[in-house]
Amino acid sequence: MLRRRLISLVFLRKLLTAAICLIAVVALFSVHFHIVPSSKDHKFNDKITTTRDLQSWTRELAPPHLSKAALQTPKLNGSRRDSDYEKLWKPPSNRGFLPCANPTPNYTSPVESRGYLLVHTNGGLNQMRSGICDMVAVARILNATLVIPELDKRSFWQDTSNFSDIFDEDHFINSLANDVKIIKKLPNELVNETRKVKQFISWSGMDYYENEIAKLWDDYQVIRASKSDSRLANNNLPPDIQKLRCRACYEALRFSPRIEQIGKLLVEKMRSLGPYIALHLRYEKDMLAFSGCTHDLSLDEAEELRIIRENTSYWKVKDIDPIEQRAKGFCPLTPKEVGIFLTALGYPSKTPIYIAAGEIYGGESHMAELRFRYPLLMSKEKLASFEELEPFFNHASQMAALDYIVSIESDVFIPSYSGNMARAVEGHRRFLGRGRSISPDRKALVRLFDKLDQGTMTEGKKLSYRIIDLHRRRLGFPRKRKGPISGTKGMDRFRSEETFYANPLPDCLCRTEPSPQNISHIVK
């Protein structure tokens, strides 16, 4: 009996020893190896833009106070299948086009200045941006010294910002030193000098500036341009003038360090939520008043907008038929219509959406349906603290600059209206080869939305197919800039052209056989 007990005890000891050894071996291997995700997951995540790519078009460093959560690699909300990525987020091919804004071999440094060019910009942020870049080119054509432009302080927004409040003034001057001489202020001895105030003719070419405007140097040392928007032709200019416009817009006109710092903070916080859409929701009081669009508004709201339009002297068109305006596709999509549009395209309800806009007219009463479909509606005010945004309060152009940065860096950019902001962001993203830009076909969409309102169509596969088919080729693919509409003449001919800053191809994008490294840079 005793012998049997001893044998059993020895057996148990051996069994216990073996178990301990097994546990030790497993623990040892767990220290040296980690679980590798499946090749499918790894392949998918490689396609999602990471924080390493952030703001590659600028030079400032990210703010040091970013949270760890904001710096994590984003993951797609919802399905992780490749098909979902391809359908919703994959950037369009750059088709071999890369930025080529450097001057040609025949380009020379600026010659001796003939005089000083003062510029009064007009409009909102992006109207002023394009105007400033045009005036850089005009100064080059005229052999003029450009004085840092004066920003518009009298427009609808009443923004008192100066150039240095919005842009990096020193960088602007230094980066264009080989193109145009730029100074911060007119020399003291010329402050009281008689100057010629001139509104340059819209969409003018080289002959106009080299002949008619250049003659003014015979009598004046200072020429003041009273407006800056659309003063230079979109097409048929020398290659070096076109490339200069691109260098001015996409390299020299950098935002101030303070704006870039907060802009990057907003981008990081959006990316921490996953791939995101930047929605330029142009459903603001000034836009609706200017366009005369009143769909889904109350009678009191429509009357308020009419009075604003009537009392704004520089808005020339006063009597507008809102039904006709909307039928022609001249109205911004309403927040409700945007929600239907995004749902039809297939974006899930968990998609993070950044609202790149000022105050939405009517507030939550008009945002409720969009928010019901997409609860993750974010904005500057939600992503940044009061203290971080306080310096920008009451400065609409500075707030718009923050929206511009977040829009440029978004995975998908969708404007509800093809205004100055939409064109500027789409052009900049084309130049960088950045993400998808989906421009809604408003005229066709209105007809579908009306059928929904009338009950002759319902939301579902049929509507989705119609909307997806409409926008299959509207993803921001590189394509040559559109010329004037056939049959148009005079100013209407120039006005009908696609603007240079909405599409800098072919002047500043060249088809090459890029290396894999260059390809990865352009499609980020």
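The values are calculated or read from the model by the stated rules, or taken from the named source; none is laboratory data. What you see is a predicted model, and the numbers here were worked out from it, not measured in a lab. Here Cβ is always computed from backbone atoms with ideal geometry, including for glycine, and neighbour counts include all displayed protein chains. The accessibility values were calculated without ligands, DNA or RNA, using every heavy atom of the protein model including side chains. Shrake-Rupley method; radii C 1.70, N 1.55, O 1.52, S 1.80 Å.
Observations
- Residues whose amide H comes within less than 5 Å of that of Leu232, counting only those at least five positions distant or on another chain, are Trp203, Ser204 (H built at 1.01 Å from N in the peptide plane).
- Plainly put, the stretch 243-390 has a radius of gyration that is 1.02 times its Kirkwood radius, both from alpha-carbon atoms, as the Rg/Rh ratio.
- GluC sites (Glu not before Pro) within the stretch 420-514, DSSP loop, no more than 13 other Cβ atoms inside 10 Å: Glu459
- Phe167 long-range amide H proximity, modeled H, under 5 Å: Ser256
- Cross-link pairs beyond the 24 Å C-alpha cut-off, checked among Lys318/Lys443; Lys243/Lys489; Lys336/Lys462: Lys243/Lys489
- For the stretch 288-390, size of Cβ-based charge dipole, Lys and Arg +1, Asp and Glu -1, in debye: 500
- Over 17 Å [Cα-Cα, the stretch 168-284], rounded percent: 73
- For Ile308, solvent-accessible area (1.4 Å; no DNA, RNA or ligand), Å²: 40
- Amide H within-cut-off set for Ala144, under 5 Å, with H built and near neighbours excluded: Arg114
- Exposure ranking of Tyr417, Tyr276 by accessible area [1.4 Å probe, largest first]: Tyr417, Tyr276
- Using the Cβ-Cβ distance between Gln199 and Lys461 with R0 set to 60 Å, the FRET efficiency works out to roughly 0.65.
- Based on protein heavy atoms only, the stretch 171-324 ends up with 46 Å² per residue of surface accessible to a 1.4 Å probe.
- Shown here for the stretch 286-385: GluC sites (Glu not before Pro) in loop regions (DSSP other than H, G, I, E, B) with at most 16 other Cβ atoms within 10 Å, namely Glu359.
- For the stretch 308-430, the C-alpha radius of gyration sits at 1.17 times the compact-globule guess of 2.2 N^0.38 Å, with N the residue count.
- Size of charge dipole - the stretch 192-245 - debye, nearest 20, with Cβ of Lys, Arg +1 and Asp, Glu -1, no other charges: 260
- The charge dipole of the stretch 367-518, taken about its Cα centre with unit charges on the Cβ atoms of Lys, Arg (+1), Asp and Glu (-1) only, comes to about 1000 debye.
- Trypsin sites (Lys or Arg not before Pro) restricted to the stretch 405-491 and DSSP loop, no more than 16 other C-beta within 10 Å: Arg472, Arg473, Arg474, Arg479, Lys480, Lys482, Lys489
- Karplus-based coupling profile of the stretch 444-451, in residue order and whole Hz: 6, 5, 4, 5, 6, 5, 5, 5, with θ = phi - 60° in 6.51 cos²θ - 1.76 cosθ + 1.60 and x standing for Gly or Pro.
- Accessible area of Val147 in the full protein assembly, 1.4 Å probe (Å², nearest 10): 10
- Computed 3J(HN,Hα) for the stretch 312-323, one whole-Hz value per residue from the Karplus formula 6.51 cos²θ - 1.76 cosθ + 1.60 where θ = phi - 60°, is 9, 4, 7, 8, 6, 8, 9, 8, 10, 8, x, 5, glycine and proline marked x.
- For the stretch 417-510, Kirkwood radius (reciprocal of mean inverse C-alpha pair distance, Å): 15.3
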